[in-house]
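**Q** Pasting a structure below so you can have a look.
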Amino acid sequence: MPRKFVLAAAVAVPVAALAAVPLRQIPGGAALQRSQASWAPLRGLAARWPQPGSHARRTVELESLSWGLPARGRLINGAELSAEGPHWRSIRTEVGRIYGTSELVDGLRWAAERLRVMDPETPMLAVGDLSAEGGGRAPRHRSHQNGRDADLNFFWTDAAERPVFSERMTSFDAKGRGDYAGRPVRFDARRNWSLVAGLLTNPHFGRRVRWIFVSRGLRALLLKEAAAAGAAPDLVARAAKALAQPPGSSHRNHFHLRIACSAEDLRLGCRD
Ligand SMILES: [Zn+2]
């Protein structure tokens, strides 16, 4: 559910004075304080507050704000991906990095549901880290700081080609061969391609997928699968652009999804 919250502002508060007001005294500010907002994003928010001088009472709706850079940023009023939903499961709930922008969380739910509507045999989507509540440093990651990154486990099958759900990640070579609990498993190119297609076409962030990091070899398997499945050329072209192996990191055991700033967040300090 998008975490809408409403900042109801008494308009007599001069915008410039906002920075001097403790967060807890601003209506709705407690939520911002909980999310460890620094003042910089608030300066952006202040621009949307009612202008001083007007005596009407106005309401500013704010969903989430991804502020700063993925490797140095914050997440304000982030949406929470529940630990388990009908079509997904968070696999590292102990670290609590289950927060993202509302569009990231909505889009992941959408993509997970689409996979299972298209093919009920598909296991739940196993979701790794998003961002911490409020964002900021995420140990073991360079990014994941402002709600626009998500790690997603691959789908894979056992020797009998049955889908396997796993809360653990496992690595696959360029031919899609892996090993799980001492047994050979295969990268499920069909379902993994379907996931990539769902990420690229979902109505929440599909057009703003910036990267889907994955190893070079698995990328080739996915694009081959896309061609075999008769995917639309435009979609394949977008997938070819988004799927990439980043320098210095193999990504042989999970996808890392990065979405770009929304137009709204860009105006408020989000940086790609
Ligand atoms: Zn990641």
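**Q** Kindly indicate which of Ala181, Ala150 is at pLDDT below 95 and either farther than 19 Å from Ala242 by Cβ or within 16 Å of the ligand (Cβ to nearest atom) (or both).
**A** On inspection, the qualifying residue turns out to be Ala181.
**Q** Related question: Residues that are within 16 Å of the ligand (Cβ to nearest atom) and either acidic (Asp, Glu) or within 27 Å of Val95 (Cα to Cα) (or both): does region 214-235 have at least one?
**A** Scanning region 214-235, I find at least one residue that is within 16 Å of the ligand (Cβ to nearest atom) and either acidic (Asp, Glu) or within 27 Å of Val95 (Cα to Cα) (or both), so the answer is yes.
**Q** Based on what the data block shows, is Ala150 in a loop (DSSP other than H, G, I, E, B), assigned by TED's automatic domain parsing to the domain that holds Gly248 and hydrophobic (A, V, I, L, M, F, W, C)?
**A** no
**Q** From Phe213, Phe165, Phe155, which residue is among the aromatic types (Phe, Trp, Tyr) and touching a helix residue (DSSP H, G or I) at 6+ places or on another chain (Cβ under 8 Å)?
**A** Step by step, each of Phe213, Phe165, Phe155 is checked, and only Phe155 is among the aromatic types (Phe, Trp, Tyr) and touching a helix residue (DSSP H, G or I) at 6+ places or on another chain (Cβ under 8 Å).
**Q** Looking at region 132-147 only, could you name the residues that are within 12 Å of the ligand (Cβ to nearest atom) and either surrounded by 13 or more Cβ atoms within 10 Å (Cβ to Cβ) or under 20 Å from Glu121 (Cα atoms) (or both)?
**A** Selection gives Ala138, His141, Arg142, Ser143, His144, Gln145.
**Q** Follow-up. When you look at Arg238, is it more than 29 Å from Arg162 (Cα to Cα) and either under 23 Å from the mean Cα position of the chain (by Cα) or within 16 Å of the ligand (Cβ to nearest atom) (or both), yes or no?
**A** Yes, satisfied.
**Q** Of all the residues that make up region 146-173, how many are of a type outside the set (Gly, Ala, Ser), under 21 Å from Glu80 (Cα atoms) and under 18 Å from the mean Cα position of the chain (by Cα)?
**A** 6
**Q** For region 148-188, enumerate the residues that are among the aliphatic types (A, V, I, L, M) and crowded, with 24+ Cβ neighbours inside 10 Å.
**A** Hits for region 148-188 are Ala150, Leu152.
**Q** Could you tell me which of the residues Ala231, Ala227 is touching an Asp or Glu at 6+ places or on another chain (Cβ under 9 Å), of a type outside the set (Lys, Arg), more than 29 Å from Gln145 (Cα to Cα) and at pLDDT 95 or above?
**A** Exactly one of Ala231, Ala227 is touching an Asp or Glu at 6+ places or on another chain (Cβ under 9 Å), of a type outside the set (Lys, Arg), more than 29 Å from Gln145 (Cα to Cα) and at pLDDT 95 or above, namely Ala231.
**Q** Of the numbered conditions (1) of a type in the set (Ser, Thr, Tyr); (2) within 16 Å of the ligand (Cβ to nearest atom); (3) farther than 16 Å from Val214 by Cβ, Ser166 satisfies every one except a single condition; which is it?
**A** Single failed check for Ser166: (2).
**Q** Within region 253-262, how many residues are within 13 Å of the ligand (Cβ to nearest atom) and touching a helix residue (DSSP H, G or I) at 6+ places or on another chain (Cβ under 7 Å)?
**A** Adding up the residues that qualify gives 2.
**Q** Can you name every residue in region 81-131 that is in a loop (DSSP other than H, G, I, E, B), touching a residue at least 40 places away in the same chain (Cβ under 8 Å) and within 16 Å of the ligand (Cβ to nearest atom)?
**A** Leu81, Ile91, Arg97, Thr101, Gly128, Leu130
**Q** What do you reckon, is Ala174 at pLDDT below 95 and part of a loop (DSSP other than H, G, I, E, B)?
**A** no
The values are calculated or read from the model by the stated rules, or taken from the named source; none is laboratory data. From a predicted model like this one, the values you see are computed outputs, not experimental measurements. Note: ideal-geometry Cβ built from the backbone for every residue, glycine included; neighbour counts use all protein chains shown.
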